1. Could you count how many residues in region 59-73 are more than 22 Å from Ala2 (Cβ to Cβ) and buried (at least 17 other Cβ atoms within 10 Å of the Cβ)?
2. Quick check on my filter: what residues within region 17-59 are in contact with a Pro (Cβ under 8 Å, 6 or more places away or on another chain) and either without any contact (Cβ under 8 Å) to a residue 60 or more places away in the chain or more than 22 Å from Arg95 (Cα to Cα) (or both)?
3. Inspect region 26-44 for any residue being over 11 Å from the mean Cα position of the chain (by Cα), of a type in the set (Phe, Trp, Tyr) and surrounded by fewer than 19 Cβ atoms within 10 Å (Cβ to Cβ) and give the result as yes or no.
4. Mind checking which residues of region 60-76 are among the basic types (Lys, Arg) and either in contact (Cβ under 8 Å) with a residue 60 or more places away in the chain or out of contact with any Gly (no Cβ under 7 Å at 6 or more places or on another chain) (or both)?
5. Taking only region 74-114 into account, find how many residues are in contact with a Lys or Arg (Cβ under 7 Å, 6 or more places away or on another chain) and surrounded by fewer than 12 Cβ atoms within 10 Å (Cβ to Cβ).
6. State the number of residues belonging to region 90-123 that are touching a helix residue (DSSP H, G or I) at 6+ places or on another chain (Cβ under 9 Å), over 18 Å from Ser10 (Cβ atoms) and in contact (Cβ under 8 Å) with a residue 60 or more places away in the chain.
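Computed from the coordinates by the stated procedures, all read-outs in this text should not be read as laboratory data. As the structure is a computational prediction, the values presented were derived from the model and not from experiment. When we count neighbours, we look across all protein chains shown, and the Cβ atoms used for this are built from the backbone with ideal geometry, even at glycine.
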Amino acid sequence: MAKVLIVDDSPTEVHVLSGFLKKHGFEVETATDGGEGIEKARAVKPDLILMDVVMPGMNGFQATRELARAPETASIPVIMVTTKGLETDKIWGMRQGAKDYLVKPVTEALLVEKVRGALDSHD
């Protein structure tokens, strides 16, 4: 069973995304900001990370960049899941090391498809 780390400061978003993933058999871990997300990624070694961008403290772009550069977390695919939907945001997110970029609100079907796709291409 694949383990997905959700990094998002919104309890509602975490609840919705967790629900989608658990329904499809994924194990879920959560973190509420970029710093905690990095710590959790190092500790639990998730198979994939869903990363919000707008969070207090370290934002998702910064956290993704740090995860992509650190040898112990560089192999974990990151999918940005954010309200920041401008093309420049998407390009910047991908430059930080994200494998994919989804704009909220995300449908269950799209989320599960993207997560499975990232996990399949990662193996």
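1. Result for region 59-73: 4.
2. Of everything in region 17-59, those that are in contact with a Pro (Cβ under 8 Å, 6 or more places away or on another chain) and either without any contact (Cβ under 8 Å) to a residue 60 or more places away in the chain or more than 22 Å from Arg95 (Cα to Cα) (or both) turn out to be Glu29, Asp33, Lys40, Ile49.
3. no
4. Passing the criteria: only Arg69.
5. Of the residues in that region, 0 qualify.
6. So the count comes out to 2.
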